[in-house]
Structures are given as structure tokens and as C-alpha cells.
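Visitor: First the structure, then my questions, so here it is.
The values are calculated or read from the model by the stated rules, or taken from the named source; none is laboratory data. For clarity, every value in this text was computed on a predicted model and none was experimentally measured. Cβ: placed from backbone, ideal geometry, glycine included. Neighbour counts: every protein chain shown. These area figures cover heavy atoms from the full protein model, side chains too; ligands, DNA and RNA do not enter into them. Shrake-Rupley method; radii C 1.70, N 1.55, O 1.52, S 1.80 Å.
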Amino acid sequence: MTATDAPPAGRSLPAELSALGALFALTVRQHTHGRRLLVLGLLYLLPCALAILLRNLPRPADAGVLEFALVLTLLPHGLAPLTALLYASGVVSDEVEEQTLTYLLLRAVPRWELYLVKLLATFCVTTGLVAVGVAALYAAIYAGTPEFGDAAVPRAGKMIAVMALAQAGYCALFGFLGLYTRRALVAGIAYVIAIEGVIASQEFAGRAVAVVYYVRTLAVRWLDLPPDVLKECRDVWGMEDLAKLPSSGDCVWTVLGVAVVVSALSSWWFARSEFRMKTPGSD
Amino acid sequence: MSTPIITLDGVSKWYGNVIGLNKLTLHIPPGVTGLLGPNGAGKSTLLQLATGQLRPSQGTVRVMGQPVWDNPGLNKVVGLCPEQDAFYEWMTGHDFVRTCARLGGMGRGEARDAADRAMARVGMTEHMNRAIRGYSKGMRQRTKLAQALVHEPRVLFLDEPLTGTDPVARRDMIEVVRELAAGGASVLVSSHVLHEVQSLTQRIVLLHRGRLVAEGQVREIRDLIDKHPHRIVLVCDRHRELAARVAGWADVDGIKFLDGQSGLMVETRRPDEFYARLPAVSTGGLALREVYSEDDNLEAVFKYLVTR
């Protein structure tokens with residue numbers, strides 16, 4: 001028997017963990033290179049700049065109003081899902097588009113793990129970005145005010161935790177969408193507007209399908225919002241009766257559960273899918 | 001005959017209504033084998049099936065006796081130099097190869113050393129710390145080959161590895177494949193240019209429109225090929241000087257300047273001699289940016305083989 005005839009060695013856990021670590025690092029580096037991060041960074045800076053501007057007018061805007069408009073509305077309804085959509089929908093399709101998926105498929109990593117690790121790295125990057133956005137917004141709104149240290153900083157920490165949960169849900173959903181359709185960006189924007197925007201704002205049971213419904217519920221329950229801001233939230237979001245809302249635990253487990261199930265389904269689908277690399281000869 | 005290293009049994013692959021491979025049965029023994037066919041013959045489909053990127057619509061594919069689809073264990077001993085010119089452009093060459101090594105399961109230090117060795121093997125040590133986006137075509141081909149070699153595979157698939165390379169890179173890459181074969185690795189190299197394959201091996205498999213046309217020694221179809229003029233495109237900024245230089249060669253039958261490009265097409269019935277002279281041109285100060293062969297003549301031979 002020659003060296004070539006000998007059967008290949010089986011799987012080894014340390015080698016596989018090393019490969020998965022490398023894949024995680026590669027995905028993080030992919031996400032932090034390029035224009036996408038720059039564009040999103042600018043998008044996150046805009047509300048911060050707006051908050052600083054409005055706080056420095058001759059008649060400064062009320063911090064509570066700014067928190068409701070920018071932190072509790074713009075961020076969870078616009079920036080956070082957009083961040084997840086831009087990154088998670090391209091977890092596989094970007095590699096296919098750039099024809100680099102071959103380099104990943106030919107390594108000692110099972111396909112389903114490959115998808116999950118890339119999604120996990122995507123979740124970490126988007127959560128990091130959103131966390132920085134939340135912190136920057138709270139700083140822009142409350143810096144220099146008496147509430148900053150005692151109230152705003154702890155609230156920012158809790159809001160980051162809520163948004164991390166939201167990113168888990170969004171990344172799982174948009175990762176699935178990226179596998180399902182080539183028009184994931186269009187479909188994702190339609191989803192955000194229809195489900196996370198319109199349906200989540202209607203006071204009926206169907207709004208429980210929207211991630212933002214749980215974000216709002218946790219914001220109302222966890223954030224220790226100032227009374228006027230809390231009233232505004234409950235009025236606008238149709239959450240007057242707290243008893244009708246799910247508990248904090250239910251919110252967390254529902255979003256995490258859906259994220260895990262959708263991610264598992266996506267990784268199974270990815271493992272069964274073929275990704276044909278176009279060659280110059282097209283054969 | 002020795003145990004086949006790559007086995008395809010009744011393999012068909014359809015892309016919707018388009019047939020990529022058609023009921024192909026093929027047993028490829030250890031050593032270097034050339035996979036030859038014009039564009040669209042099914043070469044890349046075969047390589048993507050053999051490396052587990054695609055699943056056959058029908059039939060079975062095995063490498064070293066193992067199924068290839070989603071088989072990470074097998075991937076440890078298989079390498080592929082793909083045809084597509086795709087990289088993580090923002091990485092340096094060394095970074096890219098080291099990342100591929102780490103994706104193969106190596107630790108940090110082991111991967112760094114393996115990347116050093118692989119880059120040295122393909123002659124890229126000098127340029128390995130530059131960003132890939134600044135690489136020439138030849139450097140990119142060498143880097144692709146390095147990532148395929150970094151984990152020292154026992155079976156290597158090379159998809160059109162010499163396309164677009166300059167003569168020096170071509171010579172170096174041929175040398176690398178020969179060394180691999182001498183070291184006991186099995187190599188399946190695809191090309192649409194017979195003379196590229198012939199420089200690597202005498203054993204070839206001919207595909208045409210997804211079917212096996214012929215299998216055996218290269219000498220048998222050489223005579224057919226040489227009845228047709230071989231057309232080779234040379235891309236060079238100083239193409240008029242280049243034309244003046246090669247016009248005097250006895251093995252050149254004709255020269256044609258390419259419209260709108262810095263290049264020329266040479267016709268020859270003795271391509272081996274022509275290719276052998278090319279490195280001297282390059283080292284003589286005329287930098288050839290690309291060399292590739294038109295496959296019209298090969299297509300004609302295939303038509304002859306299919307219809308005879």
C-alpha cells in the first residue's frame with residue numbers, strides 16, 4: 001500500500017476546534033473589512049450627531065424625548081435590524097458571490113458547523129456594533145446631565161442586553177433568508193417594514209411573531225425608564241396593560257428558542273445545499 | 001492496474017436542463033492524470049464533484065475509497081487549486097495560505113510554518129507579505145496553488161492551473177507538480193490545452209460535452225492535434241517587439257496582432273518547441289503578462305474523435 005492508498009484519518013476534536021476558531025476569526029475579519037462597516041458606522045453616528053445638536057440648541061430638547069425617539073424607536077426598528085440584515089443575509093451568499101466558499105468547503109469542518117460558526121461570528125460583530133451604537137447614543141443624550149451616571153449608564157447596559165437578544169433573533173432570521181433567496185436584502189427590508197414595523201405596532205396576538213415586540217416588552221419591563229418616557233412607550237406601542245404582556249423570561253426564551261431553531265434549520269439546509277462555483281469556461 | 005484513487009461510477013450531473021456530466025464512469029489510478037477537454041466539456045464539474053462541492057445527480061463519486069460529499073476527514077488529505085480567480089483580496093498571500101492551513105485544523109504555529117513552506121515551494125516568499133489585491137495573475141495562481149498544498153494533501157486537484165500564467169510561473173508550477181508526484185501524491189490536473197497537460201503527464205482523460213471520449217496515453221492523440229495549427233496568445237506591453245522576436249523562429253507558422261489588445265496570436269504546428277523557447281523571451285527583457293492557448297484546434301480534434 002502506498003502513502004496515497006492509506007485511508008485518511010478520522011475527525012480530531014482539537015483540530016476541528018482550531019479550524020472553527022480560525023473560521024470564526026476569518027468571518028469577523030471579513031465583516032470588519034470593507035465599506036459595509038464604514039456605511040453602518042456613519043449611520044450610527046447620524047442619530048448621535050442629531051442628539052448632540054438638539055441638546056445644544058438654545059432650547060435644548062428633552063433627554064427623555066430623545067431617548068424614546070432615538071434609542072427606543074430608531075435603533076430597534078431601523079438600525080439594529082438593518083445591521084443584522086446587511087451582515088447575516090450575506091453569511092453564505094457573499095462567499096458564493098465572491099467565489100471564496102470553495103476555500104471553506106474544502107476544509108476539515110463539517111458543513112453544518114461551518115454555517116453555525118459563521119453565523120455566530122456575524123452575531124458577535126452585529127451585537128458589538130449595536131452595543132457601541134447604544135452606548136454612543138446614551139452618551140450623546142445624557143452626557144453632562146445628572147442622570148448620566150446613576151440612570152443612563154445602567155439603562156444603556158440593559159438596553160445592550162436587550163439588543164443583543166434582538167440581534168440573535170434577527171441574525172438567525174436573516175441568515176435563513178440569505179440561504180432561501182438571492183434577493184435577501186429586498187425580502188429583509190420588506191420583512192422589517194411589514195412584520196417588525198406594521199404588524200408589531202398593532203395591538204393583536206399576531207404581533208408576537210415580531211422580534212421587536214419582545215424588545216419593546218423587555219424595554220418596558222427592564223429599563224427603569226423615567227415615568228414620562230415609560231408612559232410614552234406604553235401608549236405608542238399599545239402596551240398599556242402589563243399583565244397582558246409576556247414575562248421577561250418568556251421574552252428571552254422565545255427569541256432565543258426561535259433563533260436556535262431557525263439557525264439549526266438553516267445549518268441543516270446549508271449542509272444539504274450545493275453551491276456551484278461559476279468558472280470562466282462555465283463548465 | 002493499481003487501486004483507483006478517484007472513482008466515478010455512472011455519474012451524471014444536471015444543472016436544470018443542462019447536462020454537466022453524462023453517465024461518466026472513470027477509474028483514475030494514483031499518479032498524475034490530465035483531464036483534458038474544451039471549455040464546457042465538464043472538467044470543472046468533475047473536479048467539483050470529486051472535491052465534494054457538488055453532489056452527483058446520479059451515480060457515485062469516491063476518492064481514496066471514501067464518499068466525498070460533506071466528508072471533512074477526507075478533506076484533510078485532499079487539496080484543490082480552483083479555476084476561479086477568487087481570494088480574500090484584503091489579505092496578504094501568507095495570511096491567506098495560513099488561514100487556509102488553520103481552517104484545515106492546524107494550530108497557529110504549525111499553520112504559520114506550513115504557510116511559509118507552501119509559499120516557498122511556489123516561489124512566493126518574496127511577495128508573501130503583500131496584499132493579494134496587488135498580485136499579478138501569475139502570483140495569484142501561485143498563491144492558489146500554495147493554499148492547495150499547505151496541508152500536504154495526498155490527492156491534489158488542479159483546475160486549469162496554468163491558465164494566464166507567464167512562462168516562468170508556468171515552468172515553476174509544472175516543477176511543483178512533478179515534485180508532488182515524485183513524493184507520492186496523486187494529481188488530477190484539468191486543462192483545455194493538451195501541451196500543458198503533456199508537460200505534466202502522459203496519462204490523460206478526454207472529456208467532451210460531459211462524456212468520456214478517450215482515456216490513455218497522450219501520444220495517441222498528439223498526432224491528431226498536430227495536424228491542426230496550435231494557436232497561442234501572448235500578452236505583452238511591447239507586443240510589436242515581441243512579434244519581431246518570434247517571427248524568426250522556425251516553429252512559428254504565423255503571427256496575428258490582436259485587435260484592441262497588447263498582444264498577438266501565434267500559430268505553430270510545433271507547440272512543444274515554441275513553449276520551450278518562451279522563458280528565454282521573458283528573461284530577455286520582454287515581460288509576457290499572459291500566455292494562453294485558444295482551444296479551437298482542440299475542439300476540432302474532439303469533434304473528430306466524437307464523430308469518427
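Visitor: Carbon and sulfur atoms: what percent of the 1.4 Å accessible area of the stretch A:56-142 do they account for?
Guide: 69
Visitor: Leaving out ligands and nucleic acids, and using a 1.4 Å probe, what accessible area per residue does the protein assembly as shown come to in Å²?
Guide: 42
Visitor: Give me the net charge of B:Y275's neighbourhood, meaning all other residues with Cβ under 9 Å from the Cβ of B:Y275; Lys, Arg count +1, Asp, Glu -1.
Guide: My count for the surroundings of B:Y275 gives -1.
Visitor: Right, something else. Scan the stretch A:162-260 for trypsin sites (Lys or Arg not before Pro) in coil per DSSP, keeping those whose Cβ has at most 14 other Cβ atoms within 10 Å, and list them by number.
Guide: A:R182, A:R183
Visitor: Right, another one. Expressed as a whole number of Å, what is the distance separating the alpha-carbon centroids of the stretch A:144-161 and the stretch A:44-114?
Guide: 21
Visitor: Compute, for B:K43, the solvent-accessible surface of its heavy atoms (probe 1.4 Å) with the complete set of protein chains present, and express it in square angstrom to the nearest 10.
Guide: Here the accessible area works out near 0 Å².
Visitor: Give the shape of chain B as rounded, prolate or oblate, defined through the alpha-carbon gyration tensor: a ≥ b ≥ c are the square roots of its eigenvalues, a/c under 1.5 means rounded, and otherwise the shape is prolate if a/b is larger than b/c and oblate if not.
Guide: Oblate shape, in that a/c is at least 1.5 and b/c is the bigger or equal ratio.
Visitor: Can you flag which of A:K118/B:K43; A:K158/A:K231; B:K43/B:K256; B:K13/B:K144; B:K76/B:K137 are past 21 Å Cα-Cα?
Guide: Exceeds cut-off: A:K118/B:K43; B:K43/B:K256; B:K13/B:K144; B:K76/B:K137.
Visitor: Separate question: Provide the net charge surrounding A:K244, with neighbours chosen by a C-beta distance below 14 Å and charges set as Lys +1, Arg +1, Asp -1, Glu -1.
Guide: 0
Visitor: How would the protein assembly as shown be classified by its alpha-carbon gyration tensor: rounded, prolate or oblate, with rounded meaning a/c under 1.5 and the a/b versus b/c comparison settling the rest?
Guide: Judged from the Cα gyration tensor, the protein assembly as shown comes out prolate (a/c at least 1.5, a/b above b/c).
Visitor: Now for a separate question. Rounded to the nearest 10 Å², what accessible area does B:S2 have for a 1.4 Å probe in the complete protein model?
Guide: We get 60 Å² for B:S2.
Visitor: Starting from the residue with the highest accessible area, list A:S266, A:S201 in decreasing order, probe 1.4 Å.
Guide: In descending accessible area the options line up as A:S201, A:S266.
Visitor: Sort the stretch B:1-93 into rounded, prolate or oblate with this rule: let a ≥ b ≥ c be the square roots of the eigenvalues of the Cα gyration tensor; rounded if a/c is under 1.5, and if a/c is not under 1.5, prolate when a/b is larger than b/c, oblate otherwise.
Guide: Because a/c hits 1.5 or more and a/b fails to exceed b/c, the stretch B:1-93 counts as oblate.
Visitor: If I build a Gaussian network model for chain B, linking alpha-carbon pairs within less than 10 angstrom, which residue out of B:V233, B:V97, B:V155 has the largest mean-square fluctuation?
Guide: Comparing B:V233, B:V97, B:V155 in a Gaussian network model of chain B, the most mobile one is B:V233.
Visitor: Counting only helical runs of four or more DSSP H residues, what would the 222 nm mean residue ellipticity of the protein assembly as shown come to if each run contributes -39,500 (n - 2.57) and the total is spread over all its residues?
Guide: That calculation yields -16000 deg cm²/dmol at 222 nm.
Visitor: Which of A:P246, A:P47, A:P14 moves most in a GNM of chain A, Cα contacts under 10 Å?
Guide: Looking only at A:P246, A:P47, A:P14, the biggest GNM fluctuation is shown by A:P14.
Visitor: Can you say what percent of the DSSP beta bridges in chain B, counting only those with both residues inside, are antiparallel? Round to 5.
Guide: Looking only at bridges with both residues in chain B, the antiparallel portion is about 70 percent.
Visitor: Here's a follow-up. Please report the accessible area of B:D70 (heavy atoms, 1.4 Å probe, ligands and nucleic acids excluded) in Å², nearest 10.
Guide: Rounded to the nearest 10, that gives 60 Å².
Visitor: Looking only at other chains, what is the average number of their beta-carbon atoms within 10 angstrom of each beta-carbon in B:92-101?
Guide: 2
Visitor: Which percent, to the nearest 5, of DSSP beta bridges fully inside the protein assembly as shown are antiparallel?
Guide: 70
Visitor: Accessible area, 1.4 Å probe, largest first: how do B:R231, B:R269, A:R155 sort?
Guide: B:R269, B:R231, A:R155
Visitor: Which is the longest part of chain A that has none of the GluC sites (Glu not before Pro) sitting in a DSSP loop with at most 15 other Cβ atoms within 10 Å?
Guide: A:99-202
Visitor: So for A:V192, B:V218, what's the accessible-area order with a 1.4 Å probe, most first?
Guide: A:V192, B:V218
Visitor: Sticking with the crude label model, points 7 Å out along Cα→Cβ, report the distance from A:V153 to A:L37 in nm, one decimal please.
Guide: It works out to 2.8 nm between the two label points.
Visitor: Here is a further query. Taking springs between alpha-carbon atoms closer than 10 angstrom, which of B:R203, B:R245, B:R170 fluctuates most in the Gaussian network model of chain B?
Guide: Its mean-square fluctuation being the largest, the pick is B:R245.
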